[in-house]
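Structure first, commentary second.
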Amino acid sequence: MKKAAKQPAKSKSSAKPAAKPAAKPAAKSAAKPAAAESMNLTENASGQNWTLPVMSGTLGPKVIDVRKLYGDTDYFTYDPGFTSTASCQSKITFIDGDKGILLHRGYDIVDLAEKSDSMEVAYLLLNGELPNLQQKTKFEYDISRHTMVHEQIQFFYRGFRRDAHPMAIMCGVVGGLAAFYHDSLDINDPHQRMVASYRLIAKMPTLAAMAYKYSLGQPFIHPRNDLKYAENFLHMMYAVPAEEYKISPVLSRAMERILILHADHEQNASTSTVRLAGSSGANPFACIAAGIASLWGPAHGGANEAVLNMLHEIGDKKRIPEFIKRAKDPKDNFRLMGFGHRVYKNYDPRAKIMQRTTREVLNELGVKDDLLDVALELERIALHDDYFIEKQLYPNIDFYSGITLKAMNFPTAMFTVLFAVARTVGWIAQWKEMIEDQGSRIGRPRQLYTGEKQRDYVPMSKR
Ligand code: CMC
């Protein structure tokens, strides 16, 4: 009888009953919204009617505010996979999936990828505006002062098998940072939040390169603060103490672009994981470790590794139809990796830039990769196939990033690690935004329970 106690007439919240309960379901003509920015909800069985507020952002669809829905109506909403649910307000990134548009703080990803660099984009994501020269110089300096890791951290690595997947290592060591940097764990102190943010952005490339070096059995290479962010990462990945390592400007440019293209992508699985972990007040190192874990899956950041494995498996253009057939077969769980996206129902704008970058890298390095030919042919066939057209499945960023990274000599297992390095700034910006939002609360979804009703305990002798 809980419901009776929550009759809409007693509502004291924003979800107020309409003056007269609607006799019929809230068909558009029957239910006049109480205000311009509201929606009516009608329980067909009883005819009870509630008015729900509608909120508008600066871009994108309006949202129906259901925060008070349960309290007022005794109903939850059901949305597994969050296909229709806005979990937060954010000023950081906007995606129009139908048009294939991606904006960071209002700036188009195409402009940022072509005209900006990774540190400028990091500053933009964190602070909301592009930096002037002085701000950028200071930001780069501050980040560069945090690139080293505590000497004890190398012993974490030594506990892993040499053939450990580097994402497994990253999940562990990034969470472990909280054990070292006690002076930046108070999330309520803006200065400590900033220091933790800088530490994470600065140390991720160091930790990632250490994971790679460990797998090779080579000595860890210390960061060099005179190098740019992307250059320093390449240096730590590929330098050895025995000889000088010359950083190719082509590779560092490509790395800059990869960092920019992966920097943030709104409320995806890993970012939502970071926010959810952070909503409990967990420290930022733990939150980013949670994001890394979520990113690892093949439906998300693990797709770049999966694409390359798939292209290897296809091996030859002649075998493409066989794989397309499998991808379309509902009984076969094989999917074309690097295709499809929850939000983009058009070309992923990042994939277009990535495709160009792939060609540039292959041309300038003089690498001939048959897998690129297989990828291009696969893309061509899929884009003309009715199944992919009807389901609006286009190549996403991961379709091309793997080939680029392979040409740059990254082992396949490092692809997702690279994604994590690049996405750290986005995770941090979103985490910071959430902590600074006075209205944010611990994330606590509800459920539609379909299990047993309450029943009596059965003693062992009677089972
Ligand atoms: N190959 C074949 N069929 C597909 C594919 C694919 N790659 N992607 C989706 N479909 C089909 C799917 O079987 C479903 O068919 P039906 O309507 O008959 O059930 C329909 O398209 C809708 O798919 P969905 O799984 O309901 O869509 P989703 O929004 O839940 O999943 C996705 C999005 C990205 C997880 C999915 O497209 C996928 O698994 N793609 C391959 C993995 C991949 O490339 N992931 C990287 C995403 S971009 C990088 C990032 O931001 O993480």
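Every number in this text was worked out from the coordinates using simple rules, so none of it is lab data. Keep in mind the model is a prediction, meaning the values are calculated, not measured. We place every Cβ from the backbone using ideal geometry, glycine too, and count neighbours over all the protein chains shown.
Do you know the relative contact order of the chain, to the nearest whole percent, from alpha carbon pairs under 8 angstrom that are 6+ apart?
Details: 646 pairs, mean separation 77.6, N = 463.
Dividing the mean separation by the residue count of the chain yields 17 percent.
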Through the Karplus equation 6.51 cos²θ - 1.76 cosθ + 1.60, θ set to phi - 60°, convert the phi angles of region 54-69 into ³J(HN,Hα) values in whole Hz; use x for Gly and Pro. 10, 10, 10, x, 7, 9, x, x, 6, 10, 8, 7, 9, 4, 9, 4
Span from the region 58-106 Cα centroid across to the region 238-285 one, whole angstrom: 26
Under a crude label model (7 Å from the Cα following the beta-carbon direction), how far is Tyr347 from Val367 in nanometres? 2.3
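What percent does the relative contact order of region 144-268 come to when contacts are Cα pairs within less than 8 Å and at least six residues apart?
On the way: 104 pairs, mean separation 30.8, N = 125.
Normalised by residue count, the contact order of region 144-268 is 25 percent.
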Coil-residue trypsin sites (Lys or Arg not before Pro) of region 40-78, DSSP, other Cβ within 10 Å capped at 16: Lys62, Arg67
Taking the alpha-carbon set of region 302-458, what are its Rg and Dmax in Å? 20.4, 73
Rounded to two decimals, the Debye log10 I(q)/I(0) of region 240-310 (Cα scatterers, no solvent) at q = 0.13, 0.17 Å⁻¹ is -0.57, -0.80
Quick check: pseudo-label points 7 Å beyond the Cα along Cα→Cβ at Glu436 and Arg162, how many nm apart are they? 4.6
For the chain, what is the mean residue ellipticity at 222 nm derived from helices alone (per DSSP H run of n ≥ 4: -39500 (n - 2.57); sum divided by total residues; nearest 500 deg cm²/dmol)? -14500 deg cm²/dmol
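Restrict the search to region 392-449; then list the trypsin sites (Lys or Arg not before Pro) that DSSP places in a loop and that have at most 12 other Cβ atoms within 10 Å of their Cβ.
Counting only loop positions with at most 12 other Cβ atoms within 10 Å, the trypsin sites (Lys or Arg not before Pro) in region 392-449 are Arg441, Arg446.
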In percent, what relative contact order does region 25-164 have, based on Cα pairs under 8 Å that are 6 or more apart in sequence? 9
With no solvent term and unit scatterers on the alpha-carbon positions of region 131-184, Debye gives log₁₀ I(q)/I(0) at q = 0.25, 0.27 Å⁻¹ of -0.98, -1.06
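Which value in Å does the Kirkwood hydrodynamic radius of region 83-160 take, with 1/r averaged over all unlike C-alpha pairs and then inverted?
15.4
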Cα coordinate range in region 304-361, projected on the principal axes (Å, largest first): 35, 28, 18
For the chain, go through all pairs of different Cα atoms, get the mean of 1/r, take its inverse, and jot down that Kirkwood value in Å. 24.6
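Take peptides 226-232, 282-288 and line them up by average Cβ neighbours within 10 Å, highest first, as a rough protection proxy. Don't skip to the end; give the middle numbers.
Values: 226-232: 19.0, 282-288: 24.4.
Taking the mean over residues of other Cβ atoms within 10 Å, the ranking is 282-288, 226-232.
So if each residue of separation counts as 0.36 nm, and I subtract the Cα-Cα distance between Asn132 and Asp108, what length gain in nm does that give?
Taking Asn132 through Asp108 to full extension adds about 6.8 nm, to one decimal.
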Please give the peptides 134-145, 79-90, 98-109, 257-268 ranked by average Cβ packing (other Cβ atoms within 10 Å per residue), highest first, as a rough proxy for protection. 257-268, 98-109, 134-145, 79-90
Simple SL model, points at 7 angstrom along Cα→Cβ for Arg67 and Ala179; separation in nm is 3.9
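From the convex hull of the Cα coordinates of region 229-358, what is the mean projected area in square nanometres? List each step's numbers first, then the result.
Details: hull surface 46.2 nm².
Value for region 229-358: 11.5 nm².
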Show the residues, 5+ positions off or on another chain, whose built amide H is closer than 5 Å to the amide H of Val54. Ser38, Met39, Asp65
Diffusion coefficient, µm² s⁻¹, Stokes-Einstein with Kirkwood Rh over alpha-carbon pairs of region 369-462 at 10 °C and 1.306 mPa s: 83
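Where Rh is the Kirkwood radius over the Cα pairs of region 277-326, the temperature 10 °C and the viscosity 1.306 mPa s, what D in µm²/s does Stokes-Einstein return?
Values: Rh = 13.2 Å.
Value of D from the Cα-based Kirkwood radius: 120 µm²/s.
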HN-Hα couplings for region 419-428 via Karplus (6.51, -1.76, 1.60; θ = phi - 60°), in whole Hz with x for Gly/Pro, come out as 4, 5, 4, 5, 6, 4, 5, x, 4, 5
In sequence order, what are the phi-derived ³J(HN,Hα) couplings for region 203-213 according to the Karplus relation 6.51 cos²θ - 1.76 cosθ + 1.60 with θ = phi - 60°, rounded to whole Hz, with x for glycine and proline? 8, 4, x, 4, 5, 5, 5, 5, 4, 5, 4
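Cα-Cα over 31 Å: which of Lys91/Lys136; Lys203/Lys406; Lys136/Lys368; Lys318/Lys352? Let's see the in-between values first.
Working: Lys91/Lys136 21 Å; Lys203/Lys406 23 Å; Lys136/Lys368 38 Å; Lys318/Lys352 25 Å.
From the list (Lys91/Lys136; Lys203/Lys406; Lys136/Lys368; Lys318/Lys352), the Cα-Cα distance tops 31 Å for Lys136/Lys368.
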Loop chymotrypsin sites (Phe, Trp or Tyr not before Pro), region 371-463, which have at most 10 other Cβ atoms in a 10 Å radius of their Cβ (DSSP): Tyr449, Tyr457
The percentage of Cα-Cα pairs in region 135-238 separated by more than 22 Å is 32
